[in-house]
Amino acid sequence: MLPPILLLSVSLLAPLCYAAAAPPLRREAAVTPAADAPLPAVSATLGGVTYVNHGLIAFGLIPNNATESTGDTIGGIGSAIGLKPGTWKALDNGSYTGILVVQPDRGYNIIGTIDYQARRHEIEFTLTPYQGTANLTFTDAQQTLQLTYLNTTLLFERNDTKTSGLDPQVVRPAQPGFGASDPLADPEMPVARKDELHLTLDSEGIIVNPDGTFWLSDEYGPYIYLFTGDGHIIQTIQPPPAVLPIVNGAVNFSAINDPDTGRQANQGFEGLTMDFTTNTLYAMLQSATVQDGALQYTRLFAYDVSEPSVSVPLIGEWVVPLPLNSGGSNVEASSEIHFVSPGVFLSLSRDGNGHGGSGTKIKYKQADLFSIANATNIANSQYDSPDTPVAPKGKLIKTVTPATYVGFVNYADPAGLARFGMHVGDPDNQMLINAKWESLALAPVGSSAPDDYFLFTASDNDFLTEDGIALGEPYNAGENVDNQFFVFRVTLPGASQGVNLALGL
Ligand SMILES: *[C@@H]1O[C@H](CO)[C@@H](O)[C@H](O)[C@H]1NC(C)=O
Ligand SMILES: *[C@@H]1O[C@H](CO)[C@@H](O)[C@H](O)[C@H]1NC(C)=O
Ligand SMILES: *[C@@H]1O[C@H](CO)[C@@H](O)[C@H](O)[C@H]1NC(C)=O
Ligand SMILES: *[C@@H]1O[C@H](CO)[C@@H](O)[C@H](O)[C@H]1NC(C)=O
Ligand SMILES: *[C@@H]1O[C@H](CO)[C@@H](O)[C@H](O)[C@H]1NC(C)=O
Ligand SMILES: *[C@@H]1O[C@H](CO)[C@@H](O)[C@H](O)[C@H]1NC(C)=O
Ligand SMILES: *[C@@H]1O[C@H](CO)[C@@H](O)[C@H](O)[C@H]1NC(C)=O
């Protein structure tokens, strides 16, 4: 028997057929200066609520060879994005402005990991939604989302020791008091090498709090860190033992090989999101743990961070079924999640095909929806031990109900891409959709369409450029891949409270 998710994902693999199921589109007062011929809308129903994708409405890029204030190439920035609270603004002329906080992962590492200090950048944007049907040229399309680099914040431990991106070969022991008397004491930490005991991060998720502090999730731990606005660690959240990478009975954070149990190598906490209505922080593993068969059944974790100065309690954990690709054999791992409304999330699942990836034919690149409303909460149960898988050999335990998952926004829609001068399939050039989309952010369209949001998403270009600089040294990756950004317009009933709190509106 195929799991139900397969049927859902297969129906979405025919993106041009699903318009038939869409409800009539509400036409709003002109919110854009562009021609407002209706875009084909696509709907998805989850828990009795109908969500609508109105399609791609903006495209922008930061060139592959652009540099930032440290002198390094700007790359990897689609690993995580967030709208900086207090910056989102609708202008009188139909455009919108704001600042995106973007999070690169671990630096240019095609020939091995490097001592890249973790950092976040701020990027100012002007969004001018384009809803016309005519195909823009690739150059004109970039006017719809204009991106301007502002500045960079480097990340440190508490004592100003720089973080690194090197593969963690060594475990720094937990500090006295961790897990008991001192809520701010560190757990076992991933550090680079014996002679370089500094913390190493492969950053993949970011949540900027209205007070300027920010949460960052990583793949090595996989851990979640709270930072001050100026980039110093405050606190570290360690997930349950079922998730920690364990080799021969001991934690080993290296991402070179898969551990015996826990997160797979390079499949850590890609997904991070916050429900600001309840101060619940959610993190999702990119794919299932090794003991769960390293397949479809990944896990979502919820932490109560209403009092971040205490040891943060795990209050929820659910199994989320990842989509399978057309053959049914491959799992499309999740590169990001985003809170929509209580129990409902977006999840960005994708293949590795596209510009900068492997091949030009796209099998799956979608921001989908899932709900944990009817899913079993397994937090603090026997499944938090590495010895008791929840999905032995990839088969979910019968008494555990997974999240409900439905397909939603297809990035690789040829007609939508053509309107911005882009394509799927050959040729493999700058106009081909990038391979690795890994981030999501939401902002409201405004009072003319109170359930409508702009869904911002950006790709991780792996720092691929022929004209790069890493740690001050030039490099040539043999390929130019820009940092591509998309904006879709979506109807998400019930999302307003969470989005407004996140944006400080
Ligand atoms: C949860 O179950 C109820 C009752 O069967 C159903 O009405 C609802 O649609 C389900 N929600 C989801 C998200 O699956
Ligand atoms: C990036 O490449 C373009 C096109 O070759 C060139 O015009 C531009 O000066 C380069 N920018 C940097 C920062 O090197
Ligand atoms: C609206 O004004 C802003 C700021 O002057 C400008 O950047 C943007 O391009 C304008 N939008 C339109 C549609 O003219
Ligand atoms: C836009 O481009 C696509 C792909 O080349 C093409 O199929 C479509 O007819 C074009 N649309 C218009 C309005 O020219
Ligand atoms: C980055 O630029 C923004 C906008 O000007 C400013 O608010 C912020 O303080 C700057 N951050 C740094 C680290 O310079
Ligand atoms: C900085 O803090 C870390 C973590 O407490 C510690 O291991 C390291 O030795 C400190 N470095 C310096 C230079 O004090
Ligand atoms: C962890 O595993 C890597 C190789 O996968 C090995 O090089 C390293 O020494 C191990 N570290 C520890 C602390 O055992």
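Structure notes:
- Relative exposure of THR87, THR401, THR491, judged by other C-beta atoms within 10 Å (fewest first): THR401, THR87, THR491
- Taking all Cα pairs closer than 8 Å and separated by 6 or more residues, the relative contact order of region 140-255 comes to 23 percent.
- The alpha-carbon atoms of region 368-453 define a convex hull whose volume equals 201 cubic angstrom per residue.
- The amide H of LEU440, built 1.01 Å from its N in the peptide plane, has ILE81 as neighbours under 5 Å, considering only residues 5 or more places off or on other chains.
- Ranked GLU157, GLU219, GLU307, criterion: other C-beta atoms within 10 Å, fewest first: GLU307, GLU157, GLU219
- Stokes-Einstein diffusion for the chain at 20 °C, viscosity 1.002 mPa s, with a Kirkwood radius from C-alpha pairs, works out to 95 µm²/s.
- Net charge over other residues, Cβ less than 9 angstrom from the Cβ of THR457 (K, R count +1; D, E count -1): -2
- When shorter helices are ignored and each DSSP H run of at least 4 residues is given -39500 (n - 2.57), the per-residue value for the chain at 222 nm works out to -1000 deg cm²/dmol.
- Local net charge near ASP413, Cβ-Cβ under 12 Å (Lys/Arg +1, Asp/Glu -1): +2
- Cα shape, region 338-495, gyration tensor, a/c 1.5 rule: oblate
- Cβ crowding within 10 Å ranks MET274, MET431, MET284 as MET431, MET274, MET284, fewest other Cβ atoms first.
- Net charge of neighbours whose Cβ lies under 15 Å from the Cβ of GLN175, counting Lys and Arg as +1 and Asp and Glu as -1: -2
- Within straight-line cross-link reach of LYS194, lysines at Cα separation under 22 Å, skipping those fewer than 8 residues along the same chain: LYS162
Taken together, the values in this text are just the output of simple stated rules run on the coordinates, not laboratory data. Note that the coordinates shown come from a computational prediction; the quantities given were computed from them, not determined experimentally. Cβ: placed from backbone, ideal geometry, glycine included. Neighbour counts: every protein chain shown.
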